[in-house]
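Take a look at the structure below.
The values are calculated or read from the model by the stated rules, or taken from the named source; none is laboratory data. None of the values given here were measured: they were computed from a predicted structure. Backbone-built Cβ (ideal geometry, glycine too); neighbour counts: all protein chains shown.
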Amino acid sequence: MNMNSDLYAKRRAQLAAQMARLAPNSIAIIPTALERQRNRDSDFLFRHDSYFYYLTGFTEPHAWLVLTSEGQTTLFCQPKDLEREIWDGVRLGPDAAPQQLALHEAWPVTELDAKLPGLLENRAVVWYPFATHKDLSARIEVGLNAVRARVRYGALCPEQQRDVCGILDDMRLLKDAHELDIMRRAAQISARGHIRAMQRSAAMLRAGQDVREYHLDAELLHEFRQHGSQYPAYNSIVAGGANACVLHYRADAAPILAGDLVLIDAGCELDGYASDITRTFPANGKFSAAQRQLYDLVLASQDAAVAATRPGARFVDPHEATVAVLAQGLLDVGLLDKNKVGSAQDVIANRSYFQFYMHRTGHWLGMDVHDCGSYVEPSQVGTVSERRDPLSGELIKDRPSRILHPGMVLTIEPGLYVRPAPGVPERFHNIGIRIEDDAVLTANGCELITRDVPVKADEIEALMRGV
């Protein structure tokens, strides 16, 4: 458990100030995540709720934070219980929590429902995270109903319910020095895992051994835990050959062959913060001519996206820079026929590239691998334009993309995925390539914190030769 209590107290004070500005005399109720059963007498490994952890640094299950717009903080947590602590580990308990976590008071979570009506009574607004916790709104409504039963005695019931995620999303979007330090360390650990997997693949194939996707997945997991990561930030993708054309493929038992490319999308979570790296490499350490041609194209598109990632730019700019490079490249290598699809500008306008590149170029990164935060610029949310999607025919409403600022963290991850299809040159069949790095916005551009693992084709080959 992270006990940097001043940091979390500062965040709570910031949230309270925002609540007071937007809705005076209000109260926020924020639970941690639920424990979930995996099978008989066994739960999934517990992982705290990110919003709750961001405000408390507290990792135990069955905990709730209550915060008023005046800054009063109350924690409901598991009571001390010697018998349960023998089985499940030591609990902090409500007596020690206020001092340890810099809170005003704490109570056993078993008393939450009894105290909730009193906490809600005479408040104008109740804030809580919408659509994130099963039955949360129903539980709050039970408390509200108890308050309504007292209105004849002069009690006032909150007349509004508001989503606290909006405030917290904007707070979490800008990372502080503490957060960036953890994310850099997570990126370094993940990079070591990727290097280990690359080298293991080449070494096993040179030794004539049977190589499976799960062998490389094991290398990732070993390196993550070896350096203190609590767990992977998401289900690792380890995809050999044609499997790399499945965007959310999971590491399985498929064989990895000497002529294959291997796509690994994997990152560790460290102290509540995610990393997210994708590398594509030749299983035996040597790109074929066709593989190298497409790999260099994807890398060039990432270089363009990195150059477009700077303060004052829009979130969409790296994607548009990627697409511009890929559109021309797909024509140059013959994956698209200019006699059928026209110029690169036509390819972009008609989304002809979508056959080979069907996802966006990045997402926010932080406590969650697809982190919170609007992709629309808040000051321009009322500016709306309409367009007709050339592929689906759907009418799409566009709003101005988010303006980038120092302290934001996003991924940059272009790719190409070539499935066999009429008109697709056979030399490119079943090649899937994605290159992904984590970028921290700085005053002058961006810092790629995941480049401890090589990205250039020559450097990857050299790394895999040096086992």
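Report yes if some residue within segment 253-261 is surrounded by 21 or more Cβ atoms within 10 Å (Cβ to Cβ), of a type outside the set (A, V, I, L, M) and farther than 29 Å from residue 182 by Cβ; otherwise report no. Yes: segment 253-261 contains one or more residues that are surrounded by 21 or more Cβ atoms within 10 Å (Cβ to Cβ), of a type outside the set (A, V, I, L, M) and farther than 29 Å from residue 182 by Cβ.
Rundown of residues vs (1) within 20 Å of residue 272 (Cα to Cα); (2) at pLDDT 95 or above; (3) in contact with a Ser or Thr (Cβ under 7 Å, 6 or more places away or on another chain), yes/no style:
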{"position": "12", "(1), (2), (3)": "yes, yes, yes"}
{"position": "32", "(1), (2), (3)": "yes, yes, no"}
{"position": "36", "(1), (2), (3)": "yes, no, no"}
{"position": "41", "(1), (2), (3)": "no, no, no"}
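Looking across segment 171-221 at every residue that is closer than 16 Å to residue 54 by Cβ and over 16 Å from the mean Cα position of the chain (by Cα), the one that is surrounded by the fewest Cβ atoms within 10 Å (Cβ to Cβ) is identified as 177. Scanning segment 335-351 for residues that are hydrophobic (A, V, I, L, M, F, W, C), assigned to a helix (DSSP H, G or I) and either closer than 18 Å to residue 435 by Cα or free of Cβ contacts under 8 Å to residues at least 24 places away in the same chain (or both) turns up 341, 344, 347.
Restrict the check to segment 249-257 and report whether at least one residue is of a type outside the set (Gly, Ala, Ser), assigned by TED's automatic domain parsing to the domain that holds residue 405, farther than 20 Å from residue 410 by Cβ and not in a loop (DSSP other than H, G, I, E, B). Don't jump to the end; show me each part of the working.
Applying the first criterion (of a type outside the set (Gly, Ala, Ser)) to segment 249-257 yields 249-250, 252, 255-257.
Narrowing further to those that are assigned by TED's automatic domain parsing to the domain that holds residue 405: 249-250, 252, 255-257.
Pick out the ones that are also farther than 20 Å from residue 410 by Cβ and you get 249-250, 252, 255-257.
With the extra rule that they be not in a loop (DSSP other than H, G, I, E, B), the set shrinks to 255.
Among the residues of segment 249-257, at least one is of a type outside the set (Gly, Ala, Ser), assigned by TED's automatic domain parsing to the domain that holds residue 405, farther than 20 Å from residue 410 by Cβ and not in a loop (DSSP other than H, G, I, E, B), which makes the answer yes.
Every residue, every condition in (1) of a type in the set (S, T, N, Q); (2) in contact with a His (Cβ under 6 Å, 6 or more places away or on another chain); (3) within 25 Å of residue 187 (Cα to Cα), yes or no:
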site	(1), (2), (3)
252	no, no, yes
260	no, no, no
269	no, no, yes
278	yes, no, yes
282	no, no, yes
287	no, no, no
290	no, no, no
293	yes, no, no
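Checked against (1) touching a residue at least 60 places away in the same chain (Cβ under 8 Å); (2) under 15 Å from residue 164 (Cβ atoms), residue 100 passes all but condition (2).
So that you can scan it fast, the table gives a plain yes or no per residue for (1) surrounded by 21 or more Cβ atoms within 10 Å (Cβ to Cβ); (2) within 30 Å of the chain's Cα centre (by Cα):
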residue	(1), (2)
6	no, yes
20	no, yes
24	no, no
69	yes, yes
76	yes, yes
81	no, no
94	yes, no
100	no, yes
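For segment 352-467, the strands (runs of 3 or more DSSP E) that sit wholly inside it and include 2 or more residues that are exposed (fewer than 15 other Cβ atoms within 10 Å of the Cβ) are 385-388, 395-398.
Here is a yes/no grid of residues against (1) in contact with a Leu (Cβ under 8 Å, 6 or more places away or on another chain); (2) of a type in the set (A, V, I, L, M, F, W, C); (3) more than 28 Å from residue 427 (Cβ to Cβ):
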residue: 187; (1), (2), (3): no, yes, yes
residue: 191; (1), (2), (3): no, yes, yes
residue: 198; (1), (2), (3): yes, yes, no
residue: 223; (1), (2), (3): no, no, yes
residue: 232; (1), (2), (3): yes, no, yes
residue: 270; (1), (2), (3): no, yes, yes
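When the test is whether a residue is part of a loop (DSSP other than H, G, I, E, B) and touching a strand residue (DSSP E or B) at 6+ places or on another chain (Cβ under 6 Å), residue 186 does not pass it.
Being part of a loop (DSSP other than H, G, I, E, B), buried (at least 21 other Cβ atoms within 10 Å of the Cβ) and modelled with pLDDT under 95, is that true of even one residue in segment 225-248? Working first, answer last.
So in segment 225-248, the residues part of a loop (DSSP other than H, G, I, E, B) come out as 227-230, 233-236, 246-248.
The next check asks that each one be buried (at least 21 other Cβ atoms within 10 Å of the Cβ); those that pass are 229, 233, 236.
Adding the requirement that they be modelled with pLDDT under 95 leaves none.
No - not one qualifying residue is present in segment 225-248.
Looking across segment 266-324, the residues that are more than 30 Å from residue 230 (Cα to Cα), assigned to a loop (DSSP other than H, G, I, E, B) and of a type outside the set (Val, Ile, Thr) come down to 284, 285, 286, 287, 288, 308, 310, 311, 312, 313, 315. In the set (1) within 20 Å of the chain's Cα centre (by Cα); (2) farther than 24 Å from residue 126 by Cβ, residue 34 fails one condition alone, (2).
For segment 44-58, the count of residues that are at pLDDT 95 or above and exposed (fewer than 13 other Cβ atoms within 10 Å of the Cβ) is zero. In segment 415-428, the residues that are in the same structural domain as residue 362 (by TED's automatic domain parsing) form Cβ pairs under 6 Å with partners that are part of a strand (DSSP E or B) and modelled with pLDDT of 95 or more, at six or more places apart or across chains, as follows: 415/433; 415/434; 416/433; 417/432; 418/431; 428/418.
Quickly run through segment 265-286 and pick out the residues that are among the aliphatic types (A, V, I, L, M) and either surrounded by fewer than 23 Cβ atoms within 10 Å (Cβ to Cβ) or farther than 15 Å from residue 251 by Cβ (or both). I'd like the intermediate steps shown before the answer.
First, the residues of segment 265-286 that are among the aliphatic types (A, V, I, L, M): 266, 270, 274, 277, 283.
If the condition is that a residue be among the aliphatic types (A, V, I, L, M) and either surrounded by fewer than 23 Cβ atoms within 10 Å (Cβ to Cβ) or farther than 15 Å from residue 251 by Cβ (or both), then 270, 274 are the ones that fit.
For (1) touching a residue at least 40 places away in the same chain (Cβ under 8 Å); (2) closer than 26 Å to residue 159 by Cβ, each residue gets a yes or a no:
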| position | (1), (2) |
| --- | --- |
| 23 | yes, yes |
| 34 | yes, no |
| 53 | yes, no |
| 57 | yes, no |
| 78 | no, no |
| 82 | no, no |
| 85 | no, no |
| 94 | no, no |
| 105 | no, no |
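Of all the listed residues (167, 140), the sole one being under 28 Å from the mean Cα position of the chain (by Cα), within 23 Å of residue 24 (Cβ to Cβ) and among the aliphatic types (A, V, I, L, M) is 167.
Restricted to segment 1-100, the set of strands (runs of 3 or more DSSP E) holding at least 3 residues that are of a type in the set (A, V, I, L, M, F, W, C) and in the same structural domain as residue 144 (by TED's automatic domain parsing) comprises 26-31, 64-68, 73-77.
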